[in-house]
Amino acid sequence: MSFVVGTAGHIDHGKSTLINALTGIDPDRLEEEKRRGMTIDLGFAHMQMPSGIEIGIVDVPGHARFIRNMLAGVHGLDAVILVVAADEGVRPQTREHLEIVDLLEVRHGVVALTKLDLVDEEWLEMVTAEVKTALERTSLAAARIVPVSAVTATGLNFLTAALDDVLGETQARADIGRPRLPIDRVFTMSGFGTVVTGTLVDGSIAVGDELELVPGDRIVRVRGLQQHNRQVEVALPGGRVAANVIGIDRNEMKRGDVLARPHTMATTRRVDARVRVLRDAPRPLRHGAELTLHSGTVEVGCRAIALEGDAILPGAEGWLQLYLDAPIAARADDRFVLRQPSPSATLAGGRFADVSPRKHSRHDAAVRESLERRVAGNIAQEELRKYAHGIAISALMKATLAPVTDFDELDAKRVGEWLWAPEPWNALAARVREELATYHAAHPLRPGMPREELRSRAGIPPAAFGAALTGLVADAVIEQRGPEIALPDHQVAVEATDGAGSKLLEELGRTPFAPPSIAEAMQKSGAGSEVVRALERRGDLVRVSDDVAFTKSAYDEAVALVKEIVASSGSITVAQLRDRMGASRRPVLALLEHLDSRHVTRRVGDARVLR
Ligand SMILES: Nc1nc2c(ncn2[C@@H]2O[C@H](COP(=O)(O)OP(=O)(O)O)[C@@H](O)[C@H]2O)c(=O)[nH]1
Ligand SMILES: [Mg+2]
């Protein structure tokens with residue numbers, strides 16, 4: 001089992017010296033650090049605890065100017081060693097680091113009261129009391145305080161034992177199968193190529209794995225892995241990892257980027273977040289404030305949009321939307337810290353609730369309620385609510401980074417691969433009903449509305465249209481009538497033609513077997529082509545060619561006659577039928593050709609037989 005432990009505390013209080021004394025590794029690795037005797041960037045060491053637990057150690061700079069480096073180092077810590085020099089006691093970065101540890105919810109740790117060799121009993125008691133007070137109401141309130149001296153090695157065994165105890169009570173890092181390595185260092189190693197380091201969380205990675213660089217949308221492959229200076233085939237979460245990656249140049253990656261299992265992290269420039277403002281914050285967190293966001297190993301400028309009220313007061317909590325100056329890799333539930341750039345101070349921290357939110361109108365209670373439900377675990381349901389036009393399951397999976405099984409329980413209208421939240425689905429059905437009602441009223445003779453017209457009028461995205469229609473038919477909201485769509489109770493209303501329809505039928509029926517041409521009948525009756533189509537659809541007339549139509553009864557009789565003649569004489573000719581119908585050649589020929597095309601009859605020479 002392995003854990004990652006970080007240092008915290010004011011500059012010069014002996015953090016790096018302590019780590020060196022504990023591990024034999026000098027965490028100040030930079031030339032400049034050695035020269036100035038000061039930690040500037042993150043340093044790394046590792047050791048085995050008496051219990052056998054392996055720990056990776058991240059040593060952070062204490063100087064206020066390098067707080068951003070410290071913030072990159074605290075991501076993924078299982079425990080902290082808060083270092084306070086016994087001779088100086090609690091100083092500004094003691095408090096600030098403690099606040100950060102608290103905001104990031106690191107709950108395990110010990111306090112090393114260093115430079116024991118420089119103070120007497122009485123002073124030590126005083127400083128111990130001061131440290132206890134500082135720890136109150138923080139996530140480290142229960143941390144043991146162990147006096148040590150790195151110079152004389154006094155107390156180092158007790159410190160190690162205390163840390164071992166704490167780690168014994170610490171849960172191993174969860175492996176949720178979605179490994180990610182927020183990068184804290186990138187360098188090239190001769191013979192290896194590009195190496196990145198970081199604290200691995202949420203899953204393991206193995207040599208040969210493909211990982212996605214987020215942001216960046218690039219795929220890299222893991223060629224080699226090291227943990228605590230040893231080659232490993234698989235790196236487990238909760239450990240420091242150095243990964244040798246191929247498929248990318250050193251200068252294409254930087255601290256703050258994340259290597260993750262492909263498609264498990266969002267690239268975002270906007271997040272909704274629950275924040276808590278520090279009790280000792282120098283000012284309220286105001287709407288519109290320009291701040292710096294730290295999450296994982298990334299640092300990015302941002303603007304805060306208060307979703308309730310105009311400010312969140314020190315000690316209070318609230319909802320914010322953050323507009324980021326640059327895209328970052330994020331996942332819901334990730335922790336973060338907000339600082340004001342100048343004068344530099346830590347202000348607040350919290351967790352992301354939604355990493356791909358819409359822009360919100362401020363002071364909207366529904367937005368906050370949705371976020372509350374989201375953080376309570378209903379992520380997919382709340383995500384679905386955002387899509388007024390429905391969403392494909394694959395897109396919802398991508399948006400929520402959730403596995404497919406999570407969608408079975410959703411309160412949703414599901415048609416094939418499409419999902420609608422109940423509200424958008426009902427709204428869609430209402431819109432379609434309304435559009436169809438309007439259309440039917442304007443076009444009583446038409447059987448329905450052309451599909452594409454309905455789609456564009458009801459504002460349904462083309463990709464969702466097929467599923468939407470299927471769903472609406474299933475819900476009996478609409479009916480599909482050939483290529484057209486209608487409300488189920490819509491009837492073509494020939495009566496609505498002011499009698500033109502019946503006049504036309506009258507014209508045709510006057511000499512049923514020798515009807516006038518359609519054009520002539522239309523002209524005499526005043527019926528338009530729409531009326532003709534409506535009568536045809538209703539079955540009141542049968543159109544056998546472009547200009548010949550029979551009334552339904554005449555047509556039925558004529559067909560019966562054809563069958564009768566063929567039955568008695570084996571076949572039928574145009575002349576035979578013309579004689580029996582007492583009609584001219586034109587309608588008779590049209591009728592027979594029509595019957596051919598309907599496969600009722602078949603031509604054999606000059607005659608026709610039944611099929
Ligand atoms: N006397 C004494 N000096 C110490 C002890 N620990 C560290 N120092 C000194 O304190 C100074 C700052 O130590 P350093 O580890 O760089 O502090 P950091 O900034 O917290 O990492 C150095 O000069 C150390 O030699 C200690 O236990 N006793
Ligand atoms: Mg140091």
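Of the residues L508, L487, the one with the largest accessible area comes first in the ranking L487, L508, computed with a 1.4 Å probe on protein heavy atoms.
Any idea of the accessible area per residue across the stretch 153-233, 1.4 Å probe, to the nearest Å²? Write out the running numbers ahead of the final one.
Working: 3790 Å² over 81 residues.
Per-residue value: 47 Å².
Within the full protein context, the accessible area of D411 is estimated at about 90 Å² for a probe radius of 1.4 Å. To the nearest ten degrees, helix 552-569 and the longest principal axis of the Cα atoms of the chain are 70 degrees apart.
Take the solvent-accessible surface of the protein heavy atoms, probe 1.4 Å, and return the percent of it on the chain that carbon and sulfur atoms account for. Kindly include the intermediate steps, with their values, before the conclusion.
Working: 13460 of 27420 Å².
The nonpolar share, carbon plus sulfur, comes to 49 percent.
Karplus-based coupling profile of the stretch 389-399, in residue order and whole Hz: 10, x, 8, 6, 4, 4, 5, 5, 4, 5, 5, with θ = phi - 60° in 6.51 cos²θ - 1.76 cosθ + 1.60 and x standing for Gly or Pro. With Cα atoms defining each centre, the stretch 143-205 and the stretch 27-60 are spaced 10 Å apart in the structure. Backbone phi angles across the stretch 8-17, fed through the Karplus curve with coefficients 6.51, -1.76 and 1.60 (θ = phi - 60°), yield HN-Hα couplings of 7, x, 5, 4, 6, 7, x, 4, 5, 4 Hz in residue order; Gly and Pro are listed as x. Summing charges over all other residues whose Cβ lies under 10 Å from the Cβ of L30, with Lys and Arg as +1 and Asp and Glu as -1, gives -1. Among the trypsin sites (Lys or Arg not before Pro) within the stretch 519-591, not one is in coil by DSSP while having at most 15 neighbouring Cβ atoms inside 10 Å.
Please give the FRET efficiency for E210 paired with S190, using the beta carbon to beta carbon distance and R0 = 22 Å, rounded to the nearest 0.05. Working shown, then result.
On the way: r = 25 Å, r/R0 = 1.13.
Given R0 = 22 Å and the Cβ-Cβ separation, E is 0.30.
Out of the stretch 207-286, which GluC sites (Glu not before Pro) are coil in DSSP terms and have no more than 15 other C-beta atoms within 10 Å? Write down the numbers at each step before the final one.
Details: sites: E210, E212, E233, E252; in loops: E233.
Here the sparse-neighbourhood loop sites are E233.
So what's the angle, to the nearest 10 degrees on a 0 to 90 scale, between helix 121-135 and the longest Cα principal axis of the chain? Value to nearest ten degrees: 10. Once the Cβ-Cβ distance of A402 and R602 is raised to the sixth power relative to R0 = 56 Å, the FRET efficiency obtained is 0.35. Coupling constants for the stretch 510-517 follow from the phi torsions by the Karplus curve (6.51 cos²θ - 1.76 cosθ + 1.60, θ = phi - 60°), and in residue order they are 4, 10, x, 8, 10, x, x, 5 Hz; glycine and proline get x. Classify the stretch 1-158 as rounded, prolate or oblate from the Cα gyration tensor: take a ≥ b ≥ c as the square roots of its eigenvalues, call it rounded if a/c is under 1.5, otherwise prolate when a/b beats b/c and oblate if not. It comes out rounded by the Cα gyration axes. Taking amide H positions as modeled 1.01 Å from N, with prolines and chain starts lacking one, the residues under 5 Å from G238 and 5 or more places away or on another chain are L200, V201, D202.
Ignoring ligands, DNA and RNA, how do L213, L22 rank by accessible area with a 1.4 Å probe, largest first? List each step's numbers first, then the result.
Numbers: L213 5, L22 35 Å².
So the residues, ranked largest to smallest area, are L22, L213.
Here is how the number arises for the chain: DSSP H runs of 4 or more residues each give -39500 (n - 2.57), the sum is divided by the residue count, and the result at 222 nm is -10000 deg cm²/dmol. So how far, in whole Å, is the C-alpha centre of the stretch 478-543 from the one of the stretch 407-466? Distance between centres, Cα-based: 29 Å. Taking each residue as 0.36 nm, the span from R586 to K524 lengthens on full extension beyond its C-alpha to C-alpha distance by 20.3 nm.
Roll a 1.4 Å probe over the protein chains and send me the accessible area per residue for the stretch 1-80 in Å². Each step should come with its number before you reach the end.
On the way: 2770 Å² over 80 residues.
Normalised by residue count, the accessible surface of the stretch 1-80 is 35 Å².
Note on exposure: M126, M38 ranked by accessible area (1.4 Å probe, complete protein assembly) read M126, M38, with the most exposed listed first. Taking all protein chains as they are arranged and a probe of 1.4 Å, the heavy atoms of W418 leave approximately 50 Å² accessible to solvent.
The share of alpha-carbon pairs in the chain lying farther apart than 41 Å comes to 49%. K413 exposes around 50 Å² of accessible area when a 1.4 Å probe is run over every protein chain in place.
Once fully extended, how much extra length lies between E409 and K132, figured as 0.36 nm per residue of separation less the alpha-carbon to alpha-carbon distance?
On the way: separation 277, 0.36 × 277 = 99.72 nm, distance 4.83 nm.
Once the chain is fully extended between E409 and K132, it gains 94.9 nm.
Rounded to the nearest whole angstrom, the semi-axes of the ellipsoid equivalent to the stretch 132-201, taken from the Cα gyration tensor as √(5λ), stand at 33, 21, 13, largest first. Our note on the geometry: Cα centres of the stretch 329-351 and the stretch 211-231, 26 Å apart.
In terms of overall dimensions, the stretch 278-376 has a Cα radius of gyration and Dmax of 12.8, 36 angstrom. Stokes-Einstein diffusion for the stretch 433-536, with the hydrodynamic radius set to the Kirkwood value over Cα pairs and evaluated at 10 °C in a medium of 1.306 mPa s, equals 104 µm²/s. Per residue, the stretch 501-564 exposes an accessible area of 48 Å² to a 1.4 Å probe, with every protein chain left in place. Working from Cα pairs under 8 Å separated by at least six residues, relative contact order for the chain is 7 percent.
Label separation (A567 vs D475): 5.2 nm, computed from points 7 Å beyond Cα along the C-beta direction.
Between the helical axis of 92-103 and the longest alpha-carbon principal axis of the chain there is an angle of about 30 degrees.
The values are calculated or read from the model by the stated rules, or taken from the named source; none is laboratory data. Owing to the predicted nature of the structure, the values given are computational and were not obtained by experimental measurement. Here the Cβ is made from the backbone with ideal geometry for all residues, glycine too, and neighbour counts use every protein chain on show. For the accessible areas, the whole protein counts, side chains as well, though only heavy atoms, and no ligand, DNA or RNA atoms are used. Shrake-Rupley method; radii C 1.70, N 1.55, O 1.52, S 1.80 Å.
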